[in-house]
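Engineer: Structure provided below as C-alpha cells; questions to follow.
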Protein chains: 2
Amino acid sequence: MALRKARRAGEVEPRTGTNYPDPFRARVQGRLKRALGDLFGLDQFGVNLTELPPGAFSALRHWHSHEDELVCVLEGEVTLITDAGEEVLRPGDCVGFKAGAADGHHLTNRSKGPVRYLEIGSRRFDVDAVVYPDDDLAVQPDGSGRHRMVRKDGTPY
Amino acid sequence: MALRKARRAGEVEPRTGTNYPDPFRARVQGRLKRALGDLFGLDQFGVNLTELPPGAFSALRHWHSHEDELVCVLEGEVTLITDAGEEVLRPGDCVGFKAGAADGHHLTNRSKGPVRYLEIGSRRFDVDAVVYPDDDLAVQPDGSGRHRMVRKDGTPY
C-alpha cells in the first residue's frame, strides 16, 4: 500500500490554548482547534477543525484588517453574533468575513451539545490588525510576525 | 429577525463549466462547484463545495507553483492520486498540497454514489503556474490575472 498522505481530521492532536490575556481567556475555555493546514506545511492560509463545548465562544468578537475568514459548520448549532444581531448556524451553513469590513463577529455555543466547524483564514501576520469592538484589546502588526495583544492604548497586558 | 448573513452551502447555485480545452473537458464532466468564498466577497482564497458524480475527476492531475491547497471530504468515498500512488479518502479525511511541491494530485470518484468535499486554494493568479505532469497542458502567469491554458510548448489551444 502506498504511503498515506491524507489525515483523519478528528484524530489530529488539538490545541487547547489561547493567546488571550486574562480575563479574556475564560471565554474560550474548552475550545479545541485542530490545525489541519499546518499538518501539510501550508502557510498561506490556516484551516482549523474547531470544536466548541456548550458555553464556549470561538473568540472575542473581532474583525481583521487584512485577513479574509470563512466558517463552514459541520456539526451542532452555533450562534453567530455581528453588528446585525444574532443568527443560528447549522450543519451546511457557511459565512465569510471580508478583510477590512468593520463588523466584528464571533460564534458562541448556546446549545447543549458540541459544535464543530471548519474555519479558514488567510495569514498576513505582517500587516494584519485585529479590532475588538467590545473589549479593551487590540492586535497591531509589530513586524515580529506574531499577533501581540495589547490594550487599546497600546500598553501591554 | 436580523438580516441573515450565513448561507446554506448546498443551495448555492453551482458552476458546471471548466476552463479546460478539448479533449480534457470530458474528464470533469458532471463536476459541480459551489463557490462559497465568492459569496462573501473573499479574494485571498477560494473555498468551493465541490461535488463529483461517479466517474468524474476533480481536475487533471496537477500541482501549483504558488498556491497552497487543502481538501476536506464531507460525503462519499473518493480516490486521491499522486506520485505516491492511490488512496481512498472518506468523510473526515483531509489532505493538503503545499505550493511548489512537485507532486501532481487529483481526485476521482470510482464509487457508485456522489462525493462532496470542501476545497480551499489561495489566489495568486499573478504569479501562479500550474504543472500537469500527465497531459500536454500548462498554465503560466501572463499578467492578465487569469489562468490561460496552453500546450507545454506555449502554443494556444
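Engineer: Of the residues B:V71, B:V130, which single one is crowded, with 18+ Cβ neighbours inside 10 Å, hydrophobic (A, V, I, L, M, F, W, C) and more than 13 Å from chain A (Cβ to nearest Cβ)?
Structural biologist: The match here is B:V130.
Engineer: Could you check segment A:1-26 and list, in sequence order, the residues that are more than 7 Å from chain B (Cβ to nearest Cβ) and surrounded by 19 or more Cβ atoms within 10 Å (Cβ to Cβ)? Quick ask: steps written out before the conclusion?
Structural biologist: Of all residues in segment A:1-26, those more than 7 Å from chain B (Cβ to nearest Cβ) come to A:1, A:11-26.
Within segment A:1-26, A:F24 is the sole residue that qualifies.
Engineer: Among the candidates B:H62, B:H66, which residue alone is touching a residue at least 60 places away in the same chain (Cβ under 8 Å), out of contact with any helix residue (DSSP H, G or I) (no Cβ under 7 Å at 6 or more places or on another chain) and more than 14 Å from chain A (Cβ to nearest Cβ)? I'd like the intermediate steps shown before the answer.
Structural biologist: Values: B:H66 fails: more than 14 Å from chain A (Cβ to nearest Cβ).
Result: B:H62 is the single residue among B:H62, B:H66 that is touching a residue at least 60 places away in the same chain (Cβ under 8 Å), out of contact with any helix residue (DSSP H, G or I) (no Cβ under 7 Å at 6 or more places or on another chain) and more than 14 Å from chain A (Cβ to nearest Cβ).
Engineer: A further question follows. Filter segment A:135-150 down to the residues that are surrounded by fewer than 16 Cβ atoms within 10 Å (Cβ to Cβ) and at pLDDT 95 or above and list them by number.
Structural biologist: Residue satisfying the conditions is A:D136 alone.
Engineer: Let me confirm something: among A:L70, A:L42, which residue is over 15 Å from the mean Cα position of the chain (by Cα) and within 18 Å of B:R123 (Cβ to Cβ)?
Structural biologist: A:L42
Engineer: Something else now. Within segment A:139-152, can one find any residue that is touching a residue at least 40 places away in the same chain (Cβ under 8 Å), away from chain B (no Cβ under 14 Å) and either touching a strand residue (DSSP E or B) at 6+ places or on another chain (Cβ under 9 Å) or not in a strand (DSSP E or B) (or both)?
Structural biologist: yes
Engineer: I'd like to check something: does segment A:47-58 contain any residue that is within 13 Å of chain B (Cβ to nearest Cβ), out of contact with any Pro (no Cβ under 8 Å at 6 or more places or on another chain) and among the aromatic types (F, W, Y)?
Structural biologist: No, segment A:47-58 contains no residue that is within 13 Å of chain B (Cβ to nearest Cβ), out of contact with any Pro (no Cβ under 8 Å at 6 or more places or on another chain) and among the aromatic types (F, W, Y).
Engineer: Has segment A:126-133 got at least one residue that is outside any loop (DSSP other than H, G, I, E, B), farther than 30 Å from B:P91 by Cα and modelled with pLDDT of 95 or more?
Structural biologist: Kept after step one, since they are outside any loop (DSSP other than H, G, I, E, B), are these residues of segment A:126-133: A:130-131.
With the extra rule that they be farther than 30 Å from B:P91 by Cα, the set shrinks to A:130-131.
Still in the list and also modelled with pLDDT of 95 or more: A:130-131.
Yes, the conditions are met somewhere in segment A:126-133.
Engineer: If you don't mind, there's one more thing I want to ask. Exactly one condition in (1) farther than 19 Å from A:Q44 by Cα; (2) within 14 Å of chain A (Cβ to nearest Cβ); (3) touching a residue at least 12 places away in the same chain (Cβ under 8 Å); (4) over 12 Å from the mean Cα position of the chain (by Cα) is false for B:E87; which is it?
Structural biologist: (3)
Engineer: A further question follows. Quick check on my filter: what residues within segment B:111-125 are part of a loop (DSSP other than H, G, I, E, B), in contact (Cβ under 8 Å) with a residue 24 or more places away in the chain and under 18 Å from the mean Cα position of the chain (by Cα)?
Structural biologist: Answer for segment B:111-125, where residues must be part of a loop (DSSP other than H, G, I, E, B), in contact (Cβ under 8 Å) with a residue 24 or more places away in the chain and under 18 Å from the mean Cα position of the chain (by Cα): B:P114, B:R123, B:R124.
Engineer: In addition: Here are some conditions: (1) in contact (Cβ under 8 Å) with a residue 24 or more places away in the chain; (2) within 14 Å of another protein chain (Cβ to nearest Cβ). A:L42 meets all but one. Which one does it not meet?
Structural biologist: All conditions pass for A:L42, except number (1).
The values are calculated or read from the model by the stated rules, or taken from the named source; none is laboratory data. Source: prediction; values computed, not measured. Neighbour counts are summed over all protein chains in view; Cβ atoms, including those assigned to glycine, are modelled from backbone coordinates with ideal geometry.
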